[in-house]
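Enquirer: My questions will all concern the structure given below.
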Amino acid sequence: MKKEFSVIKLKAFSLIEVILAIALFSLYSTSIIVFITHGEESILRVGQKAKASFLAEEGIEATRAIRNENFENLIDGSYGIDSVSGKWQLVSSPTQIDGFSREITISTVDNNTKKITSKISWSKRDGSSTFLEFLTQLTNWDSYSGVPGFGDWRNPFMESFLTLTGGKDGIKVQVKDNFCYVVRDSAADSFVSIDITDTLHPLLGFENNLKDNPKNLYIHNDLVLIATKSNSAELQIADILDPTSPIMKGEFDAEGNPDASGIYAKDNYVYLTRLNGSGPELLIIDVSDPDYPQSLGSLELEKNANEIVVLGDFAYIASGPNGYQLMTIDIKDPAQPSVVGHFSLPEDQNALTIAGFESTVIIGTEKGVIYAFDVTDPTNPLKKGEIALRDNANNKVNDMALGLDNHYIFTVSDVPNREFQVYDISDISSPFFISSFDTPNALFGVAYDNAKDRAFAVGTANEKSLIIIAPKQQQP
């Protein structure tokens, strides 16, 4: 009896085990399927949004090309847009492109300005529909004397502003697509994105904390590279593939303790500059893997290396004081950078900011003077032109941004009533003043976006943390 009872008990226990195993296997399988399905949907959503953004931006640029051909072609209404014989043309109905629908809407702002909306619609995996819109304004540039294809910057105005919380000064700003990225003088909420799809109504995207206060930033592909005061993370990296939800990636700890000051990137190499002190003032860092940035080379300069720009095989550094305010660095071998040229300005002043294109380099100084150089021979920079900020009383040129296809340069400073100033640099040997704007607080950072023909400035104005400045509006 005991034997039979024992056998029956064993069979019952085995059956329970089988039932439990089947249940656990089913639960596990279902979880895996849900996980895979969710992952596929996330990837699909990101891909669809990226494709929609590209098509919307292309729609804006195509409409700009039509405007450049003839402003009168921009008639109010809703259209598709297509390329016919190599030229963009408006067509009667929305254009279908690989499952996406593109519609261009044109409306009148005034006699010489049109509002353009590029709307992309598509179906999600669950069958529901969604859309994305890019907006801009296009000016009839034939109605004034200026740079073809752009607005009239002889009388700029504040188109809009955005207030950020916390009362922290804006330090620098950069633009990519439809977002501004701002760094502020704080560790908390110091890295901010702002949606500028509609420049009349900027919207806060996100606020992120950093390790210590940031000093500068540069956008390279889908990465924001941030130079900071941190002694353990002078370089901090953020992935902005999704600009509404950045992902903080790797950090780089530079030798010594001086603050990082300037930053530039090219071909997955980051060029980070620092103030004079222990450790090299120039560092070259490989960010091919943004999670694990690697040191490539460095250079002792024994001067403040305030900002940097890279043109071809050479880096140019705004530095000082005490001579060598412009330094040329040969970076053909990033493991062994070397100083190959320099230029010294009068009065032992600091060169604080720098910009460059083709064979031209421009620096701004603590004395409020802008200098333009021809660097056709990088080893022998030639000073071609200079101009002082209007109403300058040794006010610092805090930042500069090239604009209007490098015809103009936008400057920001603390010059009273002229914190924002615009100069024509079409002839670098003879730059001249175009206009200024009263913000009315000191400005520290400026960026310009060609597609939107807008300048974006940050500074000490707490209620106007980001200021969007537009060219003159034509009146009816």
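Enquirer: Please return the longest stretch of the chain lacking exposed loop sites, where GluC sites (Glu not before Pro) count only if DSSP places them in a loop and at most 14 other Cβ atoms lie within 10 Å.
Expert: 1-254
Enquirer: Provide the net charge surrounding Leu296, with neighbours chosen by a C-beta distance below 11 Å and charges set as Lys +1, Arg +1, Asp -1, Glu -1.
Expert: With Lys, Arg at +1 and Asp, Glu at -1, the net is -2.
Enquirer: For the chain, what's the relative contact order in percent, using C-alpha pairs closer than 8 Å and at least 6 residues apart?
Expert: Computed value for the chain: 10 percent relative contact order.
Enquirer: Continuing with the same structure: May I ask you to list the residues of region 191-220 whose amide nitrogen lies under 20 Å from a point 7 Å from Cα along the Cα→beta-carbon direction of Ala50?
Expert: Taking a point 7 Å out along Cα→Cβ of Ala50, the residues of region 191-220 whose backbone N falls under 20 Å are 219-220.
Enquirer: Now for a different question. P(r) of region 238-370 in 5 Å steps, Cα pairs, percent per bin?
Expert: 2, 11, 20, 22, 19, 13, 8, 4, 1, 0
Enquirer: Now, a different point. For region 193-224 and region 115-185, what is the separation of their C-alpha centers, rounded to whole Å?
Expert: Centre-to-centre distance over Cα atoms comes out at 13 Å.
Enquirer: Next question, about the same structure. Could you give log10 I(q)/I(0) at q = 0.12, 0.18, 0.19 Å⁻¹ for region 375-439, computed by the Debye formula over C-alpha point scatterers of equal weight, without solvent?
Expert: Summing over Cα pairs of region 375-439 leads to -0.33, -0.68, -0.75.
Enquirer: Let me ask you something else. Along the charge dipole of the chain, Cβ charges K/R +1 and D/E -1, which of Thr63, Asn304, Gly77 sits furthest on the positive end?
Expert: Most positive-ward Cα: Gly77.
Enquirer: Please list the equivalent ellipsoid semi-axes of the chain, computed as the square roots of five times the alpha-carbon gyration tensor eigenvalues, in descending order and whole angstrom.
Expert: Each semi-axis is √(5λ); the values are 47, 34, 19 Å.
Enquirer: From the cross-link list Lys266/Lys303; Lys452/Lys472; Lys211/Lys303; Lys51/Lys452, which pairs have alpha carbons spaced over 18 Å apart?
Expert: Violating the 18 Å limit, Cα to Cα: Lys266/Lys303; Lys211/Lys303; Lys51/Lys452.
Enquirer: Another one. Within a Cβ distance under 14 Å of Ser193, other residues only, what is the Lys/Arg minus Asp/Glu net charge?
Expert: -4
Enquirer: Moving to a separate point now. Using a ≥ b ≥ c from the Cα gyration tensor of region 393-474 (square roots of the eigenvalues), is it rounded, prolate or oblate, where a/c under 1.5 gives rounded and otherwise the larger of a/b and b/c decides, a/b for prolate?
Expert: oblate
Enquirer: Sticking with this structure for a sec: Excluding Arg418 itself, what net charge comes from residues whose Cβ is under 11 Å from its Cβ, given Lys and Arg +1 and Asp and Glu -1?
Expert: After counting each charged neighbour, the total is -3.
Enquirer: Let me ask something else about it. Where in region 117-203 are there trypsin sites (Lys or Arg not before Pro) that are in a DSSP coil and have at most 11 other Cβ atoms within 10 angstrom of their Cβ?
Expert: In loop regions of region 117-203 (DSSP not H, G, I, E or B), the sparsely surrounded trypsin sites (Lys or Arg not before Pro) are Arg125.
Enquirer: Between 0 and 90 degrees, rounded to the nearest ten: what's the tilt of helix 2-69 against the longest Cα principal axis of the chain?
Expert: Roughly 30 degrees, rounded to the nearest 10.
No value in this document is a laboratory result; all are computed from the given coordinates. For clarity, every value in this text was computed on a predicted model and none was experimentally measured. Note that we place each Cβ from the backbone using ideal geometry, even for glycine, and neighbour counts take in every protein chain shown.
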